[in-house]
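Presented below is the structure to which this report refers.
Values in this text are rule-based calculations from the coordinates and carry no lab data. As the structure is a prediction and not an experimental result, all values here were calculated from the model. Here the Cβ positions follow ideal geometry from the backbone for every residue, glycine too, while neighbour counts run over all protein chains shown.
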Amino acid sequence: MYSKPKLPDSIQLAHGSGGLMTRELLDEIVFTTFQNPYLEQKHDGAIVPLEGPVVISTDSFVVSPIFFRGGNIGELAVHGTVNDVAMCGGIPKFLSLSFIIEEGLPTSDFLKIVHSIKVAADASGVQIVTGDTKVVESGKGDKIFINTTGIGSPHPKGRIAMEHVTVGDQVLVSGPIAAHGMAILSEREGLEFESEIQSDTTNLNHLVDDLLQNFGPAIHLLRDPTRGGVSGVCSEIAQDSDLGVVLRETDFPIDPQVSAACEILGLDPLYVANEGILCAIVDGNDASEILSFMKGHAKGSKAACIGAIVEEHPGKVVMESSIGGKRIVTPLIGEQLPRIC
Amino acid sequence: MKYLTEYRNLEATQKVLGQIEKVVTRPWQIMEICGGQTHSLVRNGLLDLLPEEIQMIHGPGCPVCVTPMELIDLAIALMAKGVILCSFGDMVRVPGSGMSLLEAKAKGGDLRILYSPLEAVRIARENPEREVVFFAVGFETTAPANALSVLQAEKEGLTNYSILVSHVLVPPAMEGILSDPHCAIDGFLGAGHVCAIMGYREYHPISEKYNIPIVITGFEPLDLAEGIYRAVLQLEKGTYRVENQYKRAVTEEGNLAAQKVIRQVFQIGDRQWRGIGTIPRSGYVLRPEYSNFDAARKFELVETGRAENSKCMAGAILTGQKKPHQCPHFGKECTPRNPLGAPMVSSEGACAAYYHFASTL
């Protein structure tokens, strides 16, 4: 079903023209893969059933390389948006899907990406209901860019809001940090190094759904620490809540290989991107129960409590180092770059 | 992680800190040479855990900070000529007189951020129609790989590869600091990684001439605590000699193979240090037989003579006369996003360390 001989070996400008070749590409690959009643309406958009308030989030994906250990740009585009909707306390239901393809992308690569999108969407329980395909001249893009927008409904038991963050809350992460960023870096030109590090890209909506179902209002805030890493999320929380965040260096879950790669490249794992973990600020009274629940969940088996919300140093994140010292954690400025000696 | 976790151990580090507390009877000023050590001290919160008698002075060992601003301008000029400029990541945000390498990239320059100069040789091999220049900065630690890249390019007969050299050496910088009549430094922590390459024979004469203890020290918190302890012990006893705390990486003679490669390609020459000025015989220049690989010569680069931003007190910071937060512009006009000088953006710069990590400011 994913390899019709009719299509040329690579994507051409005409595939984005809106004419016959666009139609062929859509029919052969997109519609066949994602078929569902909403797509079959063949509108310019989709009419979907949703009641009450709507949760909506959008994201664009420009990762390079497009295929990396542990995933590819396609599944990333699904997980990224599904997770953003979930972090608002939403249950994602429908996704839009737009491609900007650079002319010359092998059709087989496009097929692989579309297939991954389908698998990821099915696993996340969302349907692709509308989309768009554009093709730009060679050299004007970087193989493929994807935009997805997700919509869903708020979880009935969710009470996610910055204003609920209070002193005594605990900071939990659902899994080991820094895997995605290091997997990508290990395959970037000029930085290639041998490792088995896999991206952690995955959906978190089922974990969020189960957390909210079981603990509802005790979950005060959810964030997925993607670009900017855990430090970015914690800095944001400290600034927006005007409370302090204390983190404990020794309590961070991190895969030894990821940790070693960070050491070698001179990167701080706290600033490295994640694509399959969440950071939860939860009520201090329920924290240990929530942590045990996460650890029993397929998407949170290596969860850990890494810190707390405090009254001291409002607006700032302070890390307690392994030797008992303290340091400020500042948000990332620009891109994290390696040291030279 | 083996060789790391045991050197970040709470009990072991606290034990050594307790020993320092026991032996110290009066104030001492100890300079850590290397910017990596400065960052580790601040990042691990070690400065706050030391007895108040011990004052750590941050040294000039940040290669990016001491690379002359003019050289950044020259590198940008090369990019404007269509050259593929390859650089370690550290260098790319440091301000030149007009802009940084990263800003030049945004304006269309072909900048490649690499971890190894041998990657730059590969790029030269794969792009025979383009000129490829590696920005060869650093202390003795990066010199062997940079030298090796020249040897590799020569072996492959590549004529489109050259290096823009700004190599500096630690011992002349230490002498420069010690010979200043206002110098108040009582002891040194030697830079472990530099000594892993060069050994520490050349430090004995310095220790003797200036009656100063030098402890070759590693980079983890326990290493630093031990290095400080050994320096304090010597100071309290009134002795001065070179000691090696970083035995797991450093031997007295160093890495002889690496030194051989350095000597083959480079010779000692005068070098300008950003913020400090020219120090005689303080760096490496390419030997005449490798002048074909000298980008400055190949592209007939002429230094612009543009002056440093006068508000930046990088010189005083780099020689330990001032601490970053004593600068009136620190964290105000000068931040990593809008740096007045190099120490605020380099990952080993003292100002960056204080800005990012210091909890007590």
Sorting B:M56, B:M174 on the 10 Å Cβ count, fewest up front, what's the list?
B:M56, B:M174
At a 10 Å Cβ-Cβ cut-off, how would you order B:R8, B:R248, fewest neighbours first?
B:R248, B:R8
Can you pull the Rg over Rh of the protein assembly as shown, Cα-only, Kirkwood?
1.01
With a point put 7 Å past each Cα toward its Cβ, work out how far A:D44 is from B:H325 in nm, to one decimal.
6.0 nm
Loop-resident sites, region B:218-311, for GluC sites (Glu not before Pro), counting at most 15 other Cβ within 10 Å (DSSP)
B:E252, B:E253, B:E300, B:E303
Working from the pairwise distances between different alpha carbons, so that the mean of 1/r is found and then inverted, what is chain B's Kirkwood radius in Å?
21.0 Å
Which values, in whole Å and largest first, are the semi-axes of the equivalent ellipsoid of region B:41-122 obtained as the square root of 5 times each eigenvalue of the Cα gyration tensor?
34, 15, 11
Direction-averaged shadow area of the convex hull around the Cα atoms of region B:224-361, nm²?
12.5 nm²
On each of the three principal axes of the Cα atoms of region B:140-201, give max minus min coordinate, whole Å, ordered largest first.
51, 22, 14
Candidate aspartates and glutamates - alpha carbon under 20 Å from B:K237, same-chain residues fewer than 8 apart omitted
B:E21, B:E52, B:E53, B:D186, B:E208, B:E226
Peptide B:77-84 - average C-beta neighbours from other chains (10 Å radius)
0
Sticking with the crude label model, points 7 Å out along Cα→Cβ, report the distance from A:V167 to B:K81 in nm, one decimal please.
6.3 nm
Give me the extension gain from B:E11 to B:N127: residue separation times 0.36 nm, minus the current Cα-Cα distance, reported in nm with one decimal.
36.4 nm
Farthest towards the positive end of the dipole of region A:162-329, among A:S195, A:V173, A:G325 and with Cβ unit charges of +1 on Lys and Arg and -1 on Asp and Glu, lies the Cα of A:G325
Coil-residue chymotrypsin sites (Phe, Trp or Tyr not before Pro) of region B:1-60, DSSP, other Cβ within 10 Å capped at 16:
B:Y3
Counting other beta carbons within 10 Å of each Cβ, put B:F293, A:F293, A:F34 in order, fewest first.
A:F293, A:F34, B:F293
Other chains near B:39-48: what is the mean number of their Cβ atoms within 10 Å of each residue's Cβ?
5
Cα axis of helix B:10-23 to longest principal axis of chain B: angle in degrees, 0 to 90, nearest 10?
60 degrees
Across peptide B:88-95, how many C-beta atoms of other chains are within 10 Å of each residue C-beta, on average?
4
Determine Rg/Rh for chain A; Rg is computed over alpha-carbon atoms and Rh is the Kirkwood hydrodynamic estimate from the same atoms.
1.00
Taking the mean number of other Cβ atoms within 10 Å as a proxy for protection, how do you rank B:112-120, A:49-57, B:58-66 from highest to lowest?
B:58-66, B:112-120, A:49-57
Cα-based Rg of region A:208-341 per 2.2 N^0.38 Å, rounded to two decimals?
1.07
Listed highest first by mean packing, meaning other Cβ atoms within 10 Å per residue, what order do B:323-333, B:270-280 come in?
B:270-280, B:323-333
Using the basic label-point model (7 angstrom from Cα toward the beta carbon), what is the B:E253 to B:K237 distance in nanometres?
2.7 nm
Can you give me the Kirkwood hydrodynamic radius for region A:13-154, using every pair of distinct Cα atoms, in Å to one decimal?
15.3 Å
Tilt of helix B:221-237 relative to the longest C-alpha principal axis of chain B, in degrees (0 to 90, nearest 10)?
60 degrees
Where both residues lie in chain A, what percent of DSSP beta bridges are antiparallel, nearest 5?
75 percent
Got the relative contact order for chain A handy, in percent, Cα pairs under 8 Å and 6 or more residues apart?
21 percent
